[in-house]
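Quick note: the coordinates plus some simple rules give every number you see, no bench work behind them. Just so it is clear, the model here is predicted, and its values are computed rather than measured. Reconstructed Cβ throughout: ideal geometry from the backbone, glycine too, with neighbour counts over all protein chains shown.
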Amino acid sequence: MSDPSSDLLRQRAASTPDATAVVDADEGTEWTYRAFDERASARAARLADRFDGDAGDPFDAAGGRVGLLFGTRVAFADCYFALGRLGASAVPLNAELPAERLRAQASRADVDLLICGRATEGLAAEAAPSDVPVASVDDPASDEVASLHLGLTATGESVDASAERPVTGERPLDAERVVMFTSGTSGDPKGVRLTRRNLVASAVGSAHRLGVDPDDRWLVCLPTYHMGGLAPLVRSTLYGTTTVIQREFDADATARVLDEFAITGVSLVPTMLTRLLDAGWTPGDSLRFVLLGGAPASRDLIERCGDRGVPAYPTYGMTETASQVATATPDESRSHPDTVGRPLRNTTVTVIESGDDGHSPVDPGESGELVVAGPTVTPGYLDAQQTAAAFGEAGFHTGDLGYADEDGRLWVVGRVDDAVVTGGENVHPARVADAIREIDGIDDAAVTGLPDEEWGERVAALVVPAEDSTGSTALTAAAVREGARERLADFAVPKTVAFADELPRTHSGTVDRDGVRERLAAARTD
C-alpha cells in the first residue's frame, strides 16, 4: 500500500470502480466497488452523526469501538468498512450467544455503540450495557434508521449521497482495526486486538500461498464474527476480487451457491466440508481452493477430497494471527498426512520446549509449543495480563503443541495444557484421537484427561460411531479399547469411553473441550 493510512475500500474503488465487490447470494444482488464504496460512505456519514451525539452524549469516533451484532449479512460488510472510514474499531459479536454473555463481551471491549440488524434488535436491546446506545440499520420504522438507513435501489446502486458531509477518519496501519473474541473452546473467550497491518499482512501471506486470479470469487458462509468470515472480505477488497456472502451454511444450498456463482474459493471448517461431500457435492471447474481450518482435518476427509477432486488446503491459524499461520497444499496434505503445511510468507514458527521453563528450540521431529512471530500477530488482548502471559522472546506463545520436519512442514498434535499425565506417562490427546478414528465403525473422536485417584489422570475418549452403526449397542467401549490397543501404548488406551451422536463444538467448528469433559465425566468407567 503506497499510503500507510489508506482506506482499503476507497483505494480499491479508485483503482477498479467497475469490478464486482460484493454479491448477496441469497438475494442475487451485487455491487461494484464504486457502488459499495458509496454505500460505505453514506453509512459512515450517518454513523458520524451518531458519534457526534445527536441522539445522546457525544463521543469521538476515531479510536472508538462499535459492536456489530449481525448474522452473516452484507450489512455487516458495509458497517465494517464505514467504521474503518471513521477511524473506529469494529467489534463483531456472536448473535448466537445469550444476552448476558454478549453484554459481558461488550463491556470488556468498552464499546461506544452497538449496531444490530432487524433480526437481532431484541437481542441487542437486552445485551447492550446500560450506558451503550443501540442502533438498527435494517428496520425502516425505527427512529435510529431515520439517521442510519441507507436508501438503495433494488439493484444495489446507491442513491444520491451528495448531501452527505464527507467522512474521513483514516488511521495508520498499526492502529487497532477490529476486536474479535476467540471461540472459547476452554474457558472464557479472549478479546483479541488486531490492527490494519495485521489484516493486510495476512491477506498478502494468504495470496502468496493460495494465489490470486482477477476472476476470483470467495464465498463467505462462515459467521462474520469469526476470522474465517471476516478475512475473505478484507482480502478480496485488497485484491480487487469479489466476496460472495451467503447468510448461513446449508449443505444443499451452499452446493448450489458454489456452482451458480462460479465460486473459486471458500473457507470452511471440516464438518461443513464433510456435510457437503455427504450430500453428494462435487466441485465445479471454477473452484481453485477450499481453505480448511478451525479444526483438524482428518485423514479420511483429505482422502475423500482427493477422490472427489476437491482442492482442500488444510490450514492452521487463529484469531491472534488474523487467520492463517501455515497452510498445506492438496499435494502436501496427501503426501504428508496430517500436516498443516509450511508457515506463510513473513510468518515464523518456532517449536520450543513445552513446560513452565521451556524456551529453547527443539530439533525437527521433536514436539514442543508453537510460537509465532511476524506482522500478522496481534499486539495483544484486551486484558493486559493475558497479553503479558502470551508473549516471549520468540513471539506469541500459541499454547498449541506440535512439531516440524526438516523441510519446515508443521504438524499440530494438541494443546500444551491438554497433555494427559497418567501413571507418570505423557499422553497427547490428539494422537490418541487420530488412532481411534482409524478404527472401523468410528466416525470421530475427542480425547481428554479426567481426574483419577490411582493414575492421577485417566485417558478418556468421546466417540462418534459411523452412520451405519447403531451406537453403543453395535460399537462397545471394549471394542474401542481393543482397537486402540493395536495402535497405541497401553498407557495411552482410554480407560473411559463414552458415545455421542456428534462432538460438542463451538460456533466456529472447533471441538468444545469443556463440553467433551462434561460428557465424559458423567459417563461410567468400565
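A few points about this structure:
- A Förster distance of 30 Å, applied to the separation of the beta-carbon atoms of H359 and H208, puts the FRET efficiency at 0.50.
- Estimated from helical segments only, the mean residue ellipticity of the chain at 222 nm is -9000 deg cm²/dmol, where each DSSP H run of four or more residues counts as -39500 (n - 2.57).
- Global geometry of segment 74-118, whether rounded, prolate or oblate, following the gyration tensor of its Cα atoms and the 1.5 cut on a/c: oblate
- 12 Å beta-carbon shell around W281, net charge (K/R +1, D/E -1): 0
- DSSP-defined antiparallel bridges as percent of all bridges, the chain, nearest 5: 60
- Of the GluC sites (Glu not before Pro) found in segment 364-405, those in coil by DSSP whose Cβ has at most 12 other Cβ atoms within 10 Å are E366, E393.
- Note on the chain: dipole from Cβ charges, positive end direction compared against T327, G84, L370; the farthest Cα belongs to G84.
- Calculated FRET efficiency for the pair E126/E438, C-beta based, R₀ 45 Å, to 0.05: 0.45
- Spin-label model distance (nm) - D259 vs D285, 7 Å beyond Cα toward Cβ: 1.5
- Full extension of the chain segment joining E453 with D18 gains 149.8 nm, where the gain is 0.36 nm per residue of separation less the Cα-Cα distance.
- Shape call, segment 249-415: gyration tensor on alpha carbons, a/c limit 1.5: prolate
- Segment E248-R308, length gained on full extension (0.36 nm per residue, minus Cα span): 19.2 nm
- Here the dipole of the chain is about 760 debye; that uses its Cα centre as origin and unit charges on the Cβ of Lys and Arg (positive) and Asp and Glu (negative).
- Global geometry of segment 419-521, whether rounded, prolate or oblate, following the gyration tensor of its Cα atoms and the 1.5 cut on a/c: oblate
- The H336 and D49 beta-carbon pair, evaluated with R₀ = 60 Å, returns a calculated FRET efficiency of approximately 0.60.
- DSSP-assigned coil residues among GluC sites (Glu not before Pro) in segment 418-508, each with at most 12 further Cβ atoms within 10 Å: E453, E454, E467, E486, E502
- In sequence order, segment 367-378 has phi-based couplings of 7, x, 7, 8, 10, 10, 9, x, x, 7, 6, 3 Hz under the Karplus curve 6.51 cos²θ - 1.76 cosθ + 1.60, θ = phi - 60°, and Gly or Pro positions carry x.
- Virtual spin-label span in nm between R487 and A62, 7 Å along Cα→Cβ: 5.8
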